[in-house]
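Trainee: Would you mind keeping the following structure in view while I ask a few things?
The values are calculated or read from the model by the stated rules, or taken from the named source; none is laboratory data. Note that the coordinates shown come from a computational prediction; the quantities given were computed from them, not determined experimentally. Here the Cβ positions follow ideal geometry from the backbone for every residue, glycine too, while neighbour counts run over all protein chains shown.
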Amino acid sequence: MPSSAHRRRFAAVIVTAALGGTVAVTGVQPAAAAAPWLTVADGFASFRIPAADIQSTMGTVSSVVVEANFGPSSTVSELGLVRSGDAWASVIGPLPSGLYRYRLRGDDTKIVGDPTNTATVTSDPTWRTVFIPGDSARLLADVPAGQGGTMATLTYPGGSANVWTPPGYDAHRARPYPVLYLRPGEGGGYADWAELGRARQILDNLYLQGRMEPMVVAMGGDLRDLARAVDAGYHVARDPAHQALAGVSSAGAEAVRVALTRPGEFAYIGSFAGTYPDGALRADPRAVNARTRLLRLYTGNVTDPAYDPTYRLLRRMKQAGIRYQFDGVNPDGGHNWTAWQEDLADFVPRLFRAVPGHGPSAGHLPLRHEFTPPAPGTTPTPWLTRLANGDTFVTVETGTAFAAAEHVTLWGNWAPGGSWVNVPMIRAGDRWRVTVGPIKPWFYYYKFIVDRVSQKDTANPASITSEPTWSTFLVPGERSRLLADVPYGQGGTVETLTYDSTVAGERRSAHVWTPPGYDPHRRAPYPVLYLQHGGGQNYTDWVEMGRAKQILDNEYRDGRLVPMVVVMGNGNVPDFTRELRENIVPAARARFHIAHDPARQALAGLSMGGFQTYAVLKDHPGEFAYIGTFSAAIGSPGGGVDPTGYDAEAINNGTKLIRVYVGNVTDFVQPFAMATMAAFDRIGVRYEFAGVTEGPHGWDVWQKNLIDFAPRLFRSETSTR
């Protein structure tokens with residue numbers, strides 16, 4: 001028989017291989033570094049790994065990602081790192097409070113752990129954990145020193161176990177302690193419940209809050225060997241009425257099997273996302289009901305492989321007359337430790353005592369039918385599934401062109417704050433498929449990453465001119481209402497304006513939005529907003545990605561927008577100021593009935609377009625009375641912030657509004673935007689700061705910026721706040 005260490009190594013290889021093709025777990029780890037690879041502040045996780053460490057552990061690689069449970073439903077996903085100078089780095093957040101596990105993967109196949117973090121995972125040493133405290137994770141936090149129970153390692157001929165005993169445990173008290181046997185799933189190890197499930201913290205907190213009976217909790221693998229060892233080493237009850245059994249995944253299914261086929265062996269049974277096999281129940285309902293005090297089942301949402309098996313098992317037990325409790329569908333949890341931590345916190349207080357109320361946990365959902373997306377290849381993607389509570393899940397699949405691929409992920413802006421992570425896709429015959437969620441109502445964009453190459457979802461007709469591999473979809477809801485199409489015929493019009501560029505030396509185009517009822521012959525010309533894109537983009541992006549038409553249409557219908565014309569030009573020129581003044585503005589004035597008066601002209605842009613906007617403000621103060629900058633700064637991120645040349649008096653006299661926007665710390669421009677405002681303070685330029693927009697340097701932020709900025713234009717007051 002192989003040793004326990006050998007079994008752990010073998011289990012680790014199985015787990016890593018299941019996450020994406022053939023992998024190599026590197027045997028050489030770098031020496032502990034002076035600086036940690038991961039730092040956490042205010043819920044933001046910042047990774048910075050020296051390139052030398054990557055080279056020494058992985059060799060030469062072109063791609064490095066952090067695998068972590070950052071995805072929706074706490075799915076293990078990939079956060080791409082960017083090579084910057086002598087390090088690979090990225091930031092994600094704000095992350096919900098809780099326990100996270102992570103490791104590094106290079107070129108899809110080379111896996112290393114973080115040597116600067118000592119919080120290892122015994123069953124797979126490549127993983128590390130980090131705990132982010134917060135109100136929603138209070139049960140996962142350490143209790144004050146000396147107030148909790150004791151966690152000990154029990155070694156026995158069949159293996160090892162972790163055993164928790166309550167505060168004041170007395171091995172000689174007259175009445176033996178009830179016992180819960182808590183098991184990991186297949187491929188896991190005896191320490192998983194302590195290291196990934198935070199079992200010690202959950203039990204300590206429940207006990208100190210008076211929410212559980214004093215009991216012994218034994219966490220390990222083989223049930224019979226574990227039970228014998230615990231019985232010999234601890235003062236625990238032997239009668240079934242004071243014994244409980246629970247487990248995750250395959251161990252949860254095994255717990256149900258014990259309840260149905262060996263009724264009365266344990267009075268309390270819990271199955272945490274157990275995938276019980278289909279087929280006739282071989283059970284005596286009367287014996288199960290008479291000898292089992294609690295049979296409680298748990299499952300995550302539709303991303304949990306246990307979702308459908310749980311539905312079928314509940315139906316069969318109901319038809320057979322077997323009594324059970326169901327905690328309902330966890331709307332935010334998948335098949336992972338985040339969900340199982342909640343399951344343990346619900347299950348333990350129900351043991352060895354009478355408990356009022358046996359229904360689902362607060363906020364959990366009924367399970368009324370199976371989750372059945374269309375058969376592969378039958379329907380264009382994506383498929384949106386809306387649950388009873390309004391949560392939405394998106395399912396996508398590839399075509400058959402990638403049947404021979406080794407590693408396929410789905411990249412999209414569904415991580416916290418609109419950041420981007422890659423969710424691993426699952427092979428489904430000659431296709432790859434995955435369901436992601438829950439995701440909030442908003443506008444999403446995604447692509448496939450196939451063996452590190454970006455690929456388009458050809459089944460999605462949406463196209464992005466500047467990003468040919470991207471596809472998009474909208475999740476409807478109140479949160480995304482301003483990004484949705486207005487009823488047909490009730491919105492403005494987007495036209496293409498073609499003009500000759502003397503700066504670029506070519507024929508160029510711009511998109512122009514005119515409001516409903518636009519009248520080229522009305523007496524007063526329309527005010528105009530010149531709205532610019534960012535680097536690597538062009539004039540199409542504000543329409544195709546920024547949802548500018550939908551935002552403007554909806555705000556106009558809501559009565560929040562002054563009738564105006566919005567010109568979205570092409571800023572990809574070495575001298576944008578000349579291009580704007582000599583080409584874009586004259587072409588727009590020749591084609592549309594728009595104002596020449598600076599008081600009725602606005603200029604705004606995102607990223608590169610914001611830098612260009614500041615340059616126009618500097619060189620021609622007062623030419624545009626309204627200025628908006630989205631994730632931008634004066635100067636350049638590489639050259640620093642320098643207010644030299646900005647005429648504060650001319651700017652203040654000629655500008656009604658300068659409004660500054662920037663994302664959170666995941667927006668790399670944030671420090672430069674803050675420095676810009678500090679420089680303006682020093683020289684006396686008046687401006688408004690919109691506050692930090694939650695999100696990274698991406699469209700989630702810039703859409704929100706336009707939503708806020710456009711209604712403030714061309715009104716008598718300086719601001720509409």
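Trainee: Quick check on region 366-396: of everything there that is in contact (Cβ under 8 Å) with a residue 60 or more places away in the chain and aromatic (Phe, Trp, Tyr), which residue is nearest to THR409 (Cα to Cα)?
Mentor: Only one residue fits best here, namely PHE393.
Trainee: Looking at the structure I just gave you, is VAL302 crowded, with 23+ Cβ neighbours inside 10 Å and part of a helix (DSSP H, G or I)?
Mentor: Against the criterion (crowded, with 23+ Cβ neighbours inside 10 Å and part of a helix (DSSP H, G or I)), VAL302 does not qualify.
Trainee: Residues that are among the charged types (D, E, K, R), at least 1 per element: which strands (runs of 3 or more DSSP E) completely within region 410-475 meet that?
Mentor: Those strands (runs of 3 or more DSSP E) span 426-428, 431-439, 443-450.
Trainee: Testing PRO356 on (1) outside the structural domain of LEU260 (by TED's automatic domain parsing); (2) at pLDDT 95 or above, one condition comes back false. Which one is that?
Mentor: The one condition PRO356 does not meet is (2).
Quick grid of which residues meet (1) under 30 Å from VAL394 (Cα atoms); (2) in the same structural domain as ALA405 (by TED's automatic domain parsing); (3) modelled with pLDDT of 95 or more:
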{"site": "THR26", "(1), (2), (3)": "no, no, no"}
{"site": "ALA32", "(1), (2), (3)": "no, no, no"}
{"site": "TRP37", "(1), (2), (3)": "no, no, yes"}
{"site": "PHE47", "(1), (2), (3)": "yes, no, yes"}
{"site": "LEU95", "(1), (2), (3)": "yes, no, yes"}
{"site": "ASP107", "(1), (2), (3)": "yes, no, yes"}
{"site": "LYS110", "(1), (2), (3)": "yes, no, yes"}
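Trainee: Cβ contacts < 6 Å: first residue more than 17 Å from VAL76 (Cβ to Cβ), restricted to region 88-106; second residue surrounded by fewer than 21 Cβ atoms within 10 Å (Cβ to Cβ) and among the charged types (D, E, K, R), any location; separation 6+ or different chain. Result?
Mentor: Within 6 Å, the pairs are ALA89/ARG48.
Trainee: May I pose another question? Of the conditions (1) in contact with a His (Cβ under 9 Å, 6 or more places away or on another chain); (2) assigned to a helix (DSSP H, G or I); (3) β-branched (Val, Ile, Thr); (4) touching a residue at least 60 places away in the same chain (Cβ under 8 Å), VAL567 clears all except one; give me its number.
Mentor: Checking VAL567 against (1) in contact with a His (Cβ under 9 Å, 6 or more places away or on another chain); (2) assigned to a helix (DSSP H, G or I); (3) β-branched (Val, Ile, Thr); (4) touching a residue at least 60 places away in the same chain (Cβ under 8 Å), the one that fails is (2).
Trainee: Filter region 476-488 for residues that are outside any loop (DSSP other than H, G, I, E, B) and either at pLDDT below 95 or not small (Gly, Ala, Ser) (or both) and give the result.
Mentor: Listed by number, the residues that qualify are GLU478, ARG479, ARG481, LEU482, LEU483.
Trainee: Now for a separate question. Which one of the conditions (1) closer than 20 Å to GLY188 by Cα; (2) part of a loop (DSSP other than H, G, I, E, B); (3) touching a Ser or Thr at 6+ places or on another chain (Cβ under 9 Å) does ASN117 fail to meet, given that it meets all the rest?
Mentor: In the conditions (1) closer than 20 Å to GLY188 by Cα; (2) part of a loop (DSSP other than H, G, I, E, B); (3) touching a Ser or Thr at 6+ places or on another chain (Cβ under 9 Å), ASN117 misses (1) alone.
Trainee: Can you find a residue in region 627-645 that is of a type outside the set (A, V, I, L, M), modelled with pLDDT under 95 and in contact with a Gly (Cβ under 8 Å, 6 or more places away or on another chain)?
Mentor: Within region 627-645 (the criterion being of a type outside the set (A, V, I, L, M), modelled with pLDDT under 95 and in contact with a Gly (Cβ under 8 Å, 6 or more places away or on another chain)), the answer is yes, since at least one residue qualifies.
Trainee: Separate question: Any idea which residue in region 415-430 is farthest from the chain's Cα centre (by Cα), counting only those that are under 22 Å from PRO468 (Cβ atoms) and at pLDDT 95 or above?
Mentor: Taking the candidates together, the pick is MET425.
One line per residue, one yes/no per condition, for (1) among the charged types (D, E, K, R); (2) out of contact with any Ser or Thr (no Cβ under 9 Å at 6 or more places or on another chain); (3) without any contact (Cβ under 8 Å) to a residue 12 or more places away in the chain; (4) surrounded by 17 or more Cβ atoms within 10 Å (Cβ to Cβ):
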{"site": "ALA510", "(1), (2), (3), (4)": "no, no, no, yes"}
{"site": "TRP513", "(1), (2), (3), (4)": "no, no, no, yes"}
{"site": "HIS521", "(1), (2), (3), (4)": "no, yes, no, no"}
{"site": "TYR526", "(1), (2), (3), (4)": "no, no, no, yes"}
{"site": "ASP541", "(1), (2), (3), (4)": "yes, no, no, yes"}
{"site": "TYR556", "(1), (2), (3), (4)": "no, yes, no, yes"}
{"site": "GLY559", "(1), (2), (3), (4)": "no, yes, yes, no"}
{"site": "PRO574", "(1), (2), (3), (4)": "no, yes, no, no"}
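Trainee: Output the number of the condition that SER631 fails; it satisfies all remaining conditions of (1) buried (at least 18 other Cβ atoms within 10 Å of the Cβ); (2) in contact with a Pro (Cβ under 6 Å, 6 or more places away or on another chain); (3) within 19 Å of PHE709 (Cα to Cα).
Mentor: Among (1) buried (at least 18 other Cβ atoms within 10 Å of the Cβ); (2) in contact with a Pro (Cβ under 6 Å, 6 or more places away or on another chain); (3) within 19 Å of PHE709 (Cα to Cα), SER631 violates only (2).
Trainee: Take GLY517 and tell me if it is in a loop (DSSP other than H, G, I, E, B), buried (at least 21 other Cβ atoms within 10 Å of the Cβ), modelled with pLDDT of 95 or more and among the small types (Gly, Ala, Ser).
Mentor: Values: in a loop (DSSP other than H, G, I, E, B): yes; buried (at least 21 other Cβ atoms within 10 Å of the Cβ): no; modelled with pLDDT of 95 or more: yes; among the small types (Gly, Ala, Ser): yes.
Here the answer is no, as GLY517 does not meet what is asked.
Trainee: If VAL236 satisfies every condition in (1) closer than 22 Å to TYR298 by Cα; (2) touching a residue at least 40 places away in the same chain (Cβ under 8 Å) but one, which is the exception?
Mentor: VAL236 satisfies all of (1) closer than 22 Å to TYR298 by Cα; (2) touching a residue at least 40 places away in the same chain (Cβ under 8 Å) except (1).
Trainee: Any idea how many residues of region 132-162 are surrounded by 15 or more Cβ atoms within 10 Å (Cβ to Cβ), in a loop (DSSP other than H, G, I, E, B) and out of contact with any helix residue (DSSP H, G or I) (no Cβ under 7 Å at 6 or more places or on another chain)?
Mentor: 1
Trainee: What strands (runs of 3 or more DSSP E) lie completely within region 591-705 and have 2 or more residues being closer than 30 Å to LEU474 by Cα, of a type outside the set (S, T, N, Q) and out of contact with any Leu (no Cβ under 9 Å at 6 or more places or on another chain)?
Mentor: It comes to 657-663, 688-693.
Trainee: When the residues of region 352-394 are filtered to those that are out of contact with any helix residue (DSSP H, G or I) (no Cβ under 7 Å at 6 or more places or on another chain) and among the charged types (D, E, K, R), which remaining residue is surrounded by the most Cβ atoms within 10 Å (Cβ to Cβ)?
Mentor: In this case the residue turns out to be ASP391.
Trainee: Still on this structure: Scan region 673-684 and give yes if some residue there is surrounded by fewer than 18 Cβ atoms within 10 Å (Cβ to Cβ) and at pLDDT below 95, otherwise no.
Mentor: No, region 673-684 contains no residue that is surrounded by fewer than 18 Cβ atoms within 10 Å (Cβ to Cβ) and at pLDDT below 95.
Trainee: Quick one: is ASP332 of a type in the set (D, E, K, R), assigned to a loop (DSSP other than H, G, I, E, B) and either in the same structural domain as SER77 (by TED's automatic domain parsing) or touching a His at 6+ places or on another chain (Cβ under 8 Å) (or both)?
Mentor: Judged against the criteria, ASP332 is not a match.
Trainee: If you don't mind, there's one more thing I want to ask. So in region 77-115, with the set limited to residues that are in contact with a Pro (Cβ under 7 Å, 6 or more places away or on another chain) and aliphatic (A, V, I, L, M), which one is surrounded by the fewest Cβ atoms within 10 Å (Cβ to Cβ)?
Mentor: ALA87
Trainee: Within region 305-328, take every residue that is among the aliphatic types (A, V, I, L, M), in contact (Cβ under 8 Å) with a residue 40 or more places away in the chain and crowded, with 21+ Cβ neighbours inside 10 Å and give me the one that is farthest from SER250 (Cα to Cα).
Mentor: Selected residue: ILE322.
Trainee: Continuing with this model, one more query. Condition check: assigned by TED's automatic domain parsing to the domain that holds LEU245 and modelled with pLDDT of 95 or more. Does TRP340 satisfy that? Spell out how you get there, then give the answer.
Mentor: Details: assigned by TED's automatic domain parsing to the domain that holds LEU245: yes; modelled with pLDDT of 95 or more: yes.
Yes: the conditions hold for TRP340.
Trainee: Another one. Being among the basic types (Lys, Arg), buried (at least 17 other Cβ atoms within 10 Å of the Cβ) and under 24 Å from GLY134 (Cα atoms) is the filter here, so list the residues in region 168-217 that pass it.
Mentor: ARG198, ARG200
Trainee: Here is a further query. What pairs come out if I take residues in region 478-496 that are more than 21 Å from PRO441 (Cα to Cα) and touching a residue at least 12 places away in the same chain (Cβ under 8 Å) and pair them with residues that are among the small types (Gly, Ala, Ser) and not in a helix (DSSP H, G or I) whose C-beta lies under 7 Å away, six or more apart or interchain?
Mentor: Pairs found: THR496/SER509.
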